[in-house]
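Report on the following structure.
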Amino acid sequence: MPAVFAVGSLATAGTAHADPTVPLGGGSGILIEDLSDATSASACTITAVGTDRDNDLVALTAGHCGEIGARVAAEENLHAGSVGVIVNKSSTGDWAVIVLNPGKVAPVRQVGPTVIDTVGGHPRVGDLACKNGRTTGFTCGPIWETHSTYFRSELCANHGDSGAPVLEGNRVVGMVVAGTDFTAGPIDIPLPDCTGPGDLIHEPELATDFAGVLADIDRGGGPGAGFHLI
């Protein structure tokens, strides 16, 4: 669920001056160019930043945020122009790998109130998880359904939060990918989008298991394989 904007910043990416490096980490907002429309870009959120087996500086986000070859800008530092490009993705696994320009990006573990120190295991029903997204910010809620590759929770998320890290403490356990209907037995009950932490009734959030995402990237062996947090 990316947010879509009509922008001109990525159309001229690469014309930036020698500005200070841009801090980016899990929870940072990014704009990803639409390869079919040079005036449009999708807003999403970085899950985590690290290095891969080739020692490239990479960031992960949701796969539906953009296509391979799309340039990426830091939402809070658009003056820097393009800071990376999508080089690998999976539509079925809904993940994307962005190779970052180390001359433009300063990788960080802390973005706002969240710090990412390590990758956690698969969460359990009843765990309290939190996420940090560019649209709805830092929100928390219980996990109430888990499967082998994904889980659902009462975290508040909305368009633009795609890719946001889901955390248990300082451990990243998931990646926000969508909002879903509330399911009561055979009945799906549509609920309103969540606009912020004050919304008490909203659609549940769907996240992919982050350790599973990394395993999927490793199986493919392309860019991002061997990912380690910075």
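The values are calculated or read from the model by the stated rules, or taken from the named source; none is laboratory data. Computed from a predicted model, the values in this text were never measured in an experiment. Cβ atoms come from the backbone with ideal geometry, glycine included; neighbour counts cover every protein chain shown.
When residues in segment 66-86 are screened for being part of a strand (DSSP E or B) and surrounded by fewer than 20 Cβ atoms within 10 Å (Cβ to Cβ), 1 of them pass.
Residues that are at pLDDT below 95, in contact with a strand residue (DSSP E or B) (Cβ under 8 Å, 6 or more places away or on another chain) and either buried (at least 22 other Cβ atoms within 10 Å of the Cβ) or not β-branched (Val, Ile, Thr) (or both) do not occur anywhere in segment 163-174.
To keep it simple, each residue is scored yes or no on (1) free of Cβ contacts under 8 Å to residues at least 60 places away in the same chain; (2) under 17 Å from the mean Cα position of the chain (by Cα).
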{"position": "64", "(1), (2)": "no, yes"}
{"position": "80", "(1), (2)": "no, no"}
{"position": "84", "(1), (2)": "yes, yes"}
{"position": "93", "(1), (2)": "no, yes"}
{"position": "125", "(1), (2)": "yes, no"}
{"position": "135", "(1), (2)": "no, yes"}
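State whether the residues of segment 114-133 include one that is of a type in the set (Asp, Glu), within 30 Å of residue 20 (Cβ to Cβ) and modelled with pLDDT of 95 or more. Yes, segment 114-133 contains at least one residue that is of a type in the set (Asp, Glu), within 30 Å of residue 20 (Cβ to Cβ) and modelled with pLDDT of 95 or more.
Is it the case, given these coordinates, that residue 89 is surrounded by 18 or more Cβ atoms within 10 Å (Cβ to Cβ) and in the same structural domain as residue 157 (by TED's automatic domain parsing)? So residue 89 does not fit the description; no. Note on segment 155-177: among residues that are touching a residue at least 60 places away in the same chain (Cβ under 8 Å) and not hydrophobic (A, V, I, L, M, F, W, C), the one that is nearest to residue 124 (Cα to Cα) is 165. Among the residues of segment 135-149, those that are buried (at least 17 other Cβ atoms within 10 Å of the Cβ) and over 16 Å from residue 116 (Cα atoms) comprise 135, 136, 141, 143, 146. Can we say residue 59 is part of a strand (DSSP E or B) and either of a type in the set (Asp, Glu) or over 15 Å from the mean Cα position of the chain (by Cα) (or both)? Here the answer is no, as residue 59 does not meet what is asked.
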